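Report on the structure given below.
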Amino acid sequence: MNDLWQNFVASGSVADYLKYKQNEKQNEVVQTDADKDKGTYNQGTDSRGE
């Protein structure tokens, strides 16, 4: 488990929780419009995904 999460569990500090959430957000993979253009986003012209 994440060390930042363990710090929060041990302390109960809001500051530790915010550090954990900030780190989690930075590690998130964000799908961009460029990803959609690569064909990895299944959407047809009629919006049925065909």
Working carefully through the options GLY44, GLY39, find the one that is open to solvent by less than 70 Å² (accessible area, probe 1.4 Å), at pLDDT below 90 and assigned to a helix (DSSP H, G or I).
GLY39
Could you check segment 1-31 and list, in sequence order, the residues that are part of a loop (DSSP other than H, G, I, E, B), at pLDDT below 95 and surrounded by 10 or more Cβ atoms within 10 Å (Cβ to Cβ)?
ASN2
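The values are calculated or read from the model by the stated rules, or taken from the named source; none is laboratory data. Only a predicted model underlies this, so the values are computations on that prediction, with no experimental measurement involved. Virtual Cβ from ideal backbone geometry, glycine too; neighbours counted across all protein chains shown. These accessible areas exclude ligands, DNA and RNA; they are computed on the full protein's heavy atoms, side chains included. Shrake-Rupley method; radii C 1.70, N 1.55, O 1.52, S 1.80 Å.
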